[in-house]
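Colleague: There's a structure below that I have some questions on.
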Amino acid sequence: MGKYSKEFLKRLYKSMVRIRVCEESFVEPILRGEVQCPVHLYSGQEAIAAGVCSALTEQDYIFGSHRSHGHYLAKGGGMRELVAEIYCKEAGCSRGRGGSMHIIAPEIGMVGSAPIVAGTIPLALGAALASRIREEKRVTVSFFGDGATGEGVLYESLNFAALKKLPIIFACENNFYSTHMPIRECRPENNISKIAKPFCIQGYRVDGNDVLKVYETSKKGVEMCRRGRGPVFIELMTYRLRGHVGPDDNIQGSHTDIRSRKEIERWKKKDPLGRFEKYLIKNGVLTGKSIDTIKKEIESEVKDAHDFTRNSRYPGKEELTRYVFKE
Amino acid sequence: MSLKSRKLPYSLAINEAIHQMMEMDKAVFLIGQGVKSPWYVGNTARGLMEKYGPQRVIDTPVSENAITGAAVGAAIVGMRPIVVHPRMDFMLYALDPIINEAANWHYMFGGKSSVPVVIWGIINRGGEQAAQHSQALHALFSHIPGLKVVMPSTPYDAKGLMISAIQDNNPVVYIDDRWLYTLEGEVPREAYSVPIGKGAIRREGRDVTLVAASYMVIESLKASEELKNDGVDVEVIDLRSVKPLDETLLFESVKKTGRLVVVDGGWKTCGIAAEVSARVSENIFEYLKAPVYRVTLPDVPAPASCVLEKEYYPDSKTIVNAVKGVLGG
């Protein structure tokens, strides 16, 4: 505790709460059919986005996947632009052309997210290559899930990044499911961090539900990259509290029939938000009361974003063909 | 033609474009398999490594997906990369970064981010190289919204279109053909651009319009000479860009001649020839005096045997026959 300032810890906590409250605010609108585009909620994985991004500066780049609301928010993206995008409104961060799976905020280094599994990994590789060519100190983080370890381009990218010692962090969020497939049915080896070694890359495996551990490892990785000792591979073990897509929690016996109730209960006990709250209270950083105040503040920020979205317009029909090319 | 121009082979015209653009803009770099080996890229990369070094002339392992993705990613963050595929057959490994990412990027982010990348694919036909070393895949890329596709047929255009492709703020697929590499032509010494989306009339004529791109322009011009001896006056249009198509030039010519033969080095079904034909039918059907003819590859993979190759690739004779057909002869 001693090494962190109260301000830093509060910021970290707020970053996580902001993601959780935002994500959970979509549950009802999805069920009511107000949100129609596919939404992959980040609830349960907040410590990763918050921990990794707090080790970065605004100049650093991040690339995301299908489940990237958290990455965007943790990097500093605006709440209104995110919520409006998920409703596919013109005021959204992608002007309603992208939806939940295409989130962007170039001004704060959120370079883009895309749902083709592993599709943004080589893009992040290229951003890191650009930094090398321009001789910048910038670091790029590529966020992807355990499912992406089944894609060949990841290994091509690891090889090239290591060959050229590029300043890139491969951040693999292992939530143990590749959509409906448990990891044991996807990989003979469940320790993903081991894939770094054959490419001479330093690999770490950390508890992705412990935000301070995530932060510490990321900070070390960022420093290595800045000193020309990249790339770095970090496996972050976590669990999504919701299902692959939408609010469904994929319980066995339900129509999705994926995860056992026991397993879900076990992981709920490891909820990164609850764990960090306990830590903060124990160390006198926050009290039950100040936690409530923070939550209320953030709830009102999220409500404001929904109100803003409700009052904003859809893209005009006459604009269908706009943005195919940059003029 | 500029006073400062002189003759250059097609391959060195490309080389000069890259030299000049790398000199003018530090954001330009060349990446791909074989960029330091003439075996892969002919002399198109001559002198680049010596002048700009391995930071900006990056020879890579055989990893088309990651390397093309890296070029796309670098473009997204402000570079102007050229990624080369010495055989475009191997470029199929990179369809995800080209189509899913680069082509869609500007649109799916509502114009907030763009991808100024040149994806350079070399067609490498003949020589009994068979099905996986001979493919001309321009129609496949032309199908995709968000991509521009250029196919120069002369050294002048090879340089000017490479410069335009590099300067364009969108992903441009630049496709050349090794059969053109030794073709010589006038090329100005200074940097200049050839507009993407503008075709050129290579030969004026009144009787039949021949539309072609890339190497097939050469065969079409040969055919037009042979036909001249038969008293047929052929107009040859070089598309230069297969996407976007220069409809204005195309329609003006067909309005004048009333007859159209489309010549393409790709396959027939869903190909460029089909597209050109459809555009003419949709827009200026009333000017047509005869059905449109297509000269293309048959819908067959490239064979190895030289006997079959001869049958497979259309040449000036195939074109002459098609023109005679459209004239009702």
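The values are calculated or read from the model by the stated rules, or taken from the named source; none is laboratory data. From a predicted model like this one, the values you see are computed outputs, not experimental measurements. Cβ sites come from the backbone with ideal geometry, for glycine too, and all protein chains shown count toward neighbours. Ligands, DNA and RNA are stripped out before the accessible areas are found, and what is left, the full protein with its side chains, is counted by its heavy atoms. Shrake-Rupley method; radii C 1.70, N 1.55, O 1.52, S 1.80 Å.
Colleague: Can you give the direction-averaged projected area of the convex hull of the alpha-carbon atoms in chain B, in nm²?
Modeller: 16.7 nm²
Colleague: Starting from the amide H of B:Phe29, placed 1.01 Å from N in the peptide plane, find each other amide H under 5 Å away whose residue is 5 or more places distant or on another chain.
Modeller: Those lying under 5 Å, H to H, from B:Phe29 are B:Arg80, B:Ile82.
Colleague: Mean-square fluctuation check for chain B, GNM, Cα pairs under 10 Å: which of B:Arg294, B:Arg206, B:Arg240 is largest?
Modeller: B:Arg206
Colleague: Within 10 Å, count the other beta carbons around each residue, average over each peptide in B:46-54, B:74-82, A:132-140, and list them highest first.
Modeller: B:74-82, A:132-140, B:46-54
Colleague: Based on the alpha carbon coordinates of chain A, what radius of gyration and maximum Cα-Cα distance (Dmax) apply, in Å?
Modeller: Calculated on Cα positions, Rg and Dmax stand at 19.2, 58 Å.
Colleague: Still on this model: Mind jotting down a quarter of the surface of the convex hull over the alpha carbons of segment B:99-150, in square nanometres, one decimal?
Modeller: Projected over every direction and averaged, the Cα hull of segment B:99-150 covers 4.1 nm².
Colleague: While we're here: Does anyone have the angle between helix B:155-167 and the longest principal axis of chain B? Alpha-carbon axes, 0 to 90°, nearest 10?
Modeller: 50 degrees
Colleague: Can I ask one more? Enumerate lysine pairs in segment B:200-326 that are 8 or more residues apart or on different chains, then count those whose Cα atoms are under 15 Å apart.
Modeller: For segment B:200-326, qualifying lysine pairs total 7.
Colleague: Moving on to the next point. Rounded to the nearest 10 Å², what accessible area does B:Glu311 show when all protein chains are kept and the probe is 1.4 Å?
Modeller: 150 Å²
Colleague: Sequence neighbours fewer than 8 away in the same chain don't count; with that in mind, list the lysines whose C-alpha is under 22 Å from B:Lys36.
Modeller: Excluding near neighbours in sequence, the set is A:Lys164, A:Lys165, B:Lys26, B:Lys51, B:Lys159.
Colleague: Mind checking the angle between helix B:316-326 and chain B's longest principal axis? C-alpha axes, 0 to 90 degrees, to the nearest 10.
Modeller: Value to nearest ten degrees: 50.
Colleague: Still on this structure, I have one more. Any idea of the total accessible area buried by the A-B contact, 1.4 Å probe, rounded to 100 Å²?
Modeller: Interface area, both chains combined: 3300 Å², rounded to the nearest 100.
Colleague: Mind telling me which of B:Ala223, B:Ala304, B:Ala13 comes out most flexible in a GNM of chain B, alpha-carbon contacts under 10 Å?
Modeller: Evaluated over chain B, the most mobile residue of the options is B:Ala304.
Colleague: Once amide H atoms are placed 1.01 Å from N in the peptide plane, what residues at a sequence separation of 5 or more from A:Val141, or on another chain, have their amide H within under 5 Å of its amide H?
Modeller: Close amide H contacts, sequence-distant or interchain: A:Tyr61, A:Ile62, A:Phe63, A:Ile169.
Colleague: By a straight-distance test (C-alpha under 18 Å), which lysines pair with A:Lys303 as possible cross-link partners, with residues fewer than eight away in the same chain excluded?
Modeller: A:Lys14, A:Lys89, A:Lys295
Colleague: Using a Förster distance of 51 angstrom, determine the FRET efficiency expected from the C-beta separation of A:Glu297 and B:Glu184, and round it to 0.05. Please list the in-between numbers first.
Modeller: On the way: r = 72 Å, r/R0 = 1.41.
Using R0 = 51 Å, I get an efficiency of 0.10.
Colleague: So, one more: Check which residues have an amide H placed less than 5 Å from B:Val173's amide H, if you skip close sequence neighbours.
Modeller: The answer is B:Ile119, B:Lys148, B:Val149, B:Val150.
Colleague: In a Gaussian network model over chain A where Cα atoms closer than 10 Å are linked, find which of A:Thr149, A:Thr238, A:Thr256 has the largest mean-square fluctuation.
Modeller: Maximum among the listed residues: A:Thr256.
Colleague: For segment B:9-136, place one equal point scatterer on every Cα, skip the solvent, and apply the Debye formula. What is log10 of I(q)/I(0) at q = 0.12, 0.20, 0.22, 0.23 Å⁻¹?
Modeller: The Debye formula, applied to the Cα set alone, gives -0.45, -1.16, -1.32, -1.39.
Colleague: Let me ask another. Provide Rg and Dmax in Å for segment B:132-177, with only Cα atoms included in the calculation.
Modeller: Gyration radius and largest Cα-Cα distance of segment B:132-177: 11.1, 31 Å.
Colleague: Enter the angle in degrees (range 0 to 90, nearest 10) between the Cα long axis of helix B:247-257 and the first principal axis of the Cα atoms of chain B, meaning the one along which they spread out most.
Modeller: 20 degrees
Colleague: What is the spin-label model distance, in nm, from A:Phe308 to B:Thr269 if the labels are put 7 Å beyond Cα along the C-beta direction?
Modeller: It works out to 5.1 nm between the two label points.
Colleague: Now a separate question. Which residues does a label at A:Met181 reach in segment A:104-127, if reach means a backbone N under 12 Å from a point 7 Å past the Cα toward the Cβ?
Modeller: none
Colleague: Principal axes first, then extents: for the Cα atoms of the protein assembly as shown, list largest minus smallest coordinate on each axis, whole Å, largest first.
Modeller: 97, 54, 46
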